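No value in this document is a laboratory result; all are computed from the given coordinates. Worth saying up front: this structure is predicted, and the values here are computed from it rather than measured. Here the Cβ is made from the backbone with ideal geometry for all residues, glycine too, and neighbour counts use every protein chain on show.
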Amino acid sequence: MNAPTHILIDAPAAGVRRITLNRPEKRNALNNALRSEIFAALEAHDRDPDVRVTIIRGAGPAFCSGYDLSANNRVGQPYHSSDGLGQWSRHVVDGWFRVWDLAKPVIAQVHGYCLAGGTELATACDLVYVAEDAQIGYPPVRLMSPPDMQFHPWLMGMRQAMESMLTGDALSGAEAARQGWANRAYPLDRLESEVLAIADRVAKLPTELAAINKRSVHRAMEIMGLRAAIRSGTELQALAFQTEPSKAYMSRFRRDGASVSGLLSERDATFGDYRERGDK
C-alpha cells in the first residue's frame, strides 16, 4: 500500500490502531481518495496479527461533514459496483458493508459535525462514541434524497427516523446516544481517553473470539432484515434523484467550492442550522 496522504495512522496502545481522517480544511469530507485509504487501512489491519481493534476519528473541528460534493465521485471509485441507475448509492453501501464484514472491531470516535456520508461511515463501525455536543444529521433529505445507507429506523426507531427524514435536523451527541445511534456520549475533553479505554478492553479479547462475537450480533440484525432493507433503500434513494425538485437542485452543482457552499447554504437557510447557524 502506498503511503496514505488523506489519513494518519498511529498505534496509541497495544493491539490498537487509530485512523485519523486528515482533511480538516474540508471538515474531512469523503472523496474517493479518502475512502480508498480508509478501506485499505482497515483491510490491512484486519490481516495484521498485531491489531485487534481500530479507532476512526477526524482531524480538526469535525469527524466528517459527509461526501465531498466538489469532487467527481464517479471517477476513481475504490472498488467496482454494478452500473446503471442508483450506482452511487449501491456503491457506497457496498463499501460500508465492507467495514461491517471485517473480522476485527472498528470504533468511531465522533466529535463536531458528523453529517450525511459521515453518519454512514460511523454507522458502519461496530461501536460509536460521541462528544456530547457533536452534531449528527442528514441534511441532504431537504433537497436531494433520503440517505444512501438508510440505517435510521434500525438504530433510532421509527419515530426518530421519521423526524430525521422529514426535517433533516441534527441530533446532539447526547441525544444520539439516548436514541441508540451511539453507545455513549462524553464531554469533548474526555472523549479520546474514554475511547482509548474502551478500545483497550476490546483488545483484551482473543481475536478469533471477538470476530465470532461481532458476527453473532450482525447475524441477528441480518436475520431481522437489516442488510436487505438497507440495500433495498438504495433504490428509493435513486428514485428521489429523479424527482423534479432534486433534479433542479442537483443540476446547479459545479465541481468547485463556491457553488457547493452556496447551494448548501440555500438548503439550510430557512431552517437556520448547520452552515446558517454561523458555524461554517
Fraction of alpha-carbon pairs over 29 Å apart in the chain - percent: 28 percent
Cα-only Debye scattering, region 11-58: base-10 log of I(q)/I(0) at q = 0.14, 0.17, 0.19, 0.22 Å⁻¹: -0.36, -0.51, -0.62, -0.77
Lys pairs under 15 Å by Cα in the chain, provided they are eight or more residues apart or on distinct chains: 4
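Which value, to two decimals, describes the C-alpha radius of gyration of region 206-280 once divided by 2.2 N^0.38 Å?
In units of the globular-protein estimate, region 206-280 measures up at 1.76.
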Ratio Rg/Rh, restricted to region 144-267 and using Cα atoms, in which Rh is the Kirkwood radius: 1.06
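Over the Cα atoms of region 32-98, what is the Rg over Rh ratio if Rh follows Kirkwood?
Numbers: Rg = 13.7 Å, Rh = 13.7 Å.
With Rg and the Kirkwood Rh in hand, the quotient comes to 1.00.
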Helical mean residue ellipticity (222 nm; -39500 (n - 2.57) per DSSP H run of 4+; nearest 500) of the chain: -14000 deg cm²/dmol
Hydrodynamic radius by Kirkwood, which averages 1/r over all alpha carbon pairs of region 107-214, in angstrom: 14.4 Å
Peptides 139-145, 28-34, 125-131, 9-15 ordered by average Cβ neighbours within 10 Å, highest first: 125-131, 28-34, 139-145, 9-15
